[in-house]
Amino acid sequence: MNPNDADFPVFPFTALVGQEALQQALVLAAIDPALGGVLVSGPRGTAKSTAARALAELLPEGRLVTLPLGASEEQLIGTLDIQSALRDGGVTFSPGLLAKAHLGVLYVDEVNLLPNPLVDQLLDVAASGVNVIERDGISHRHEARFVLIGTMNPEEGELRPQLLDRFGLAVELNNCFDASVRQRIVRARLAFDMDAEAFCARHADAQSALAERIHAARAVLFALDPDDAVHARVSALCIAAHVDGLRADLVMLRAARALAAFEGASNVQTLHVDRVADAVLKHRRREADASQGEAPQQPAPRDNGSTNEGDWGYMPPEPAGTAKVKQVRPLAAKKSLSHRRHEADAQEHRLRWREARARGRMTGREGDESTTLDWISTLRAKRAERLDARHLRYRRVQGEAASLHCFLLDCSGSMLTGERLARAKGLLIALFDRAYRERSEIALVCFGGGRAEVRRQPGAAHWWNERWVSPIGGGGGTPLALGLSSAQTVLARAARRRPAQRRWLWVLTDGRTNETPAPPQCADRVVLVDFDEGQFGVGQASTLALRWAAEYFHASELSADLR
């Protein structure tokens, strides 16, 4: 869709209400696309797609290219021109969506559901501004400078930490519960729907002025050089946030420079750094111990006294105030006594797997191979003849990444007795470790005390964190059906993201529940690990496994197999 097409009127960027942080981030990315794009996270109905389309209208080319969820690698980066190949037998490049988005906006809705390799390529090109294709006998490169906007609903799953870090800026939108702001949003939308042409005309001057400021900022961007005080402020903020690597420092400096250029400042100042810091660090902060101190306090927003709906202002995001910095601690980091006990238990379950593969447990499909059409060999076989089936040649390609293993952990009151939960944690550490070695993905859902929580969305098993399996609600009942429902939601979303991936559901429980839920769906294999034991064992877990047609193991049996 071309946002300038009269058949598709676009809501003006300057008419957006209550989205100051998002507007600032998008404008900065438009000024300097090398920032790496903007990741917009929020529930449905928070104007994510509206803002993306509105930004495209401000750019000289007015081009918005949408990457569909089911896009292939060829659609994204480009590939062999099939028509030319069949007609002339030559190797000609056919541009993909990255080429079409050059100097415009590339919009990716539900970016968290895209296959990871596609997101990797997308972010590489967004940061470098150049698309390089070396495949299928093609060697080609072209400019691809665009404003990347990725949107996602956190309820649909998260991005891998590595991919999160490569988005330059991130903005988290929330539902608005301010009555006056909601009313302004609704009035603006109704006015636009009633007469879009008249509504856009009322904002034409503001739109034109904003477009000119973006253009002017681009022209002076590289003339602004941060001084030592700015560099020191950036380093202090990034160190306090415990970010990995130096990408955050570079992005923060570039974003501060873009903001200074936008405001017509003669140099980059620390106040510019402070006003972009939240968008740079929001998705990069890692949970830290309380002993590691607090983050520097963010400055309060500047009040220019304006309440016009089109005056989104040049205000920073809402201040975070004094808050503890978040950092996820890896397994090798400082460990608590209970954590060391879990690791000792994990040693008992060390993953040598003996007969596990032969018996079909936790095997991935990373070694599987499939075929794809090899156009170069096909064209050589075809030569001057008309193409038919006998000319087709194929090549083997590595299959999709390994399986997804979704673990459903019982944290109910009965699991808190007899160290059952502690032993389950030790087993989970071992299973996570094996998943990491096999490059499989993991997910973790805990249930107990009348509720269930997704503690770990599908992703690579990079580290262990004890908070993932902390008890829910201090024990209580065993809401097995609720836990299964949450796990099935996770698996269903994973199936949308990677349909060919093999999905496993592991249920770790003592089976002490009165519920008899229906067999789990959305999983290719179900494994029930029973932690019930002693003379008072009820044997309910084995009954459930039989009802579900699931593989059944007692925890001690599985432990013996894994040694």
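Here are some notes:
- A search for C-beta distances below 7 Å between a residue of the range 53-82 that is modelled with pLDDT of 85 or more and any residue that is open to solvent by 60 Å² or more (accessible area, probe 1.4 Å) and of a type in the set (A, V, I, L, M), counting only pairs 6+ apart in sequence or on different chains, returns ARG63/LEU103; LEU64/MET1.
- When residues of the range 86-100 are limited to those that are of a type outside the set (S, T, N, Q) and modelled with pLDDT under 85, the one most open to solvent (accessible area, probe 1.4 Å): ARG87
Condition check ((1) at pLDDT 85 or above; (2) open to solvent by 10 Å² or more (accessible area, probe 1.4 Å); (3) not polar (S, T, N, Q)) across all residues:
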| position | (1), (2), (3) |
| --- | --- |
| HIS102 | yes, yes, yes |
| ASN112 | no, no, no |
| PRO115 | no, yes, yes |
| LEU118 | no, yes, yes |
| ALA126 | yes, no, yes |
| VAL130 | yes, yes, yes |
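- Of the strands (runs of 3 or more DSSP E) lying entirely inside the range 135-243, the ones with 3 or more residues being free of Cβ contacts under 8 Å to residues at least 60 places away in the same chain and open to solvent by 50 Å² or more (accessible area, probe 1.4 Å) are found at 138-143.
- In the range 2-45, the qualifying residues are those that are under 18 Å from the mean Cα position of the chain (by Cα) and open to solvent by 10 Å² or more (accessible area, probe 1.4 Å), and the one that is farthest from ASP195 (Cα to Cα) is SER41.
- Across the range 248-302, the number of residues qualifying as at pLDDT 95 or above and hydroxyl-bearing (Ser, Thr, Tyr) comes to 1.
- Of all residues making up the range 409-461, the number that are of a type in the set (Val, Ile, Thr) and either open to solvent by 30 Å² or more (accessible area, probe 1.4 Å) or farther than 26 Å from LEU113 by Cβ (or both): 3
The values are calculated or read from the model by the stated rules, or taken from the named source; none is laboratory data. Only a predicted model underlies this, so the values are computations on that prediction, with no experimental measurement involved. Here Cβ is always computed from backbone atoms with ideal geometry, including for glycine, and neighbour counts include all displayed protein chains. To get the accessible areas, we keep the full protein, side chains included, count just its heavy atoms, and leave off ligands, DNA and RNA. Shrake-Rupley method; radii C 1.70, N 1.55, O 1.52, S 1.80 Å.
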